[in-house]
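Read-outs throughout are calculated quantities, based only on the coordinates presented, and are distinct from any laboratory measurement. Remember, it's a predicted structure, so these values are computed and weren't measured experimentally. For neighbour counting, all protein chains shown are included, and Cβ atoms are generated from backbone atoms with ideal geometry for every residue, glycine included.
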Amino acid sequence: MSATESDSDEAVDADDPHGECDRATIDADLPPSAKLVYKVLEYEAPLTQEELAAESRLCPRTVRYALGRLEEQGVVTSRACLADARQSKYRIDD
């Protein structure tokens, strides 16, 4: 590798308007509970917090914390649940 190749890679990351990079880098900063919630959403999305707690076997408070961290990272989005407007459905942001 030359110095110019690594400089161009850094420039691409710096130009990312949303502050997002590859999933491996994002996952390194997240707690294990957030990684588990992310994996459950990969296989079963969209899910409510209650459904995520049941699927992941984490307590509801931990699921709320994990979803908050994932939303801060811009990895997960939520939408109002049509069946019950008091709840939100969570899915991985594409």
Condition first: in contact with a Gly (Cβ under 8 Å, 6 or more places away or on another chain), outside any helix (DSSP H, G or I) and not small (Gly, Ala, Ser). Can you find one or more residues in region 75-93 that meet it?
yes
Between residues in region 60-78 that are over 13 Å from Glu50 (Cα atoms) and residues that are acidic (Asp, Glu) and part of a helix (DSSP H, G or I), which pairs lie under 8 Å by C-beta distance while being six or more apart or on different chains?
Thr77/Glu71; Ser78/Glu71
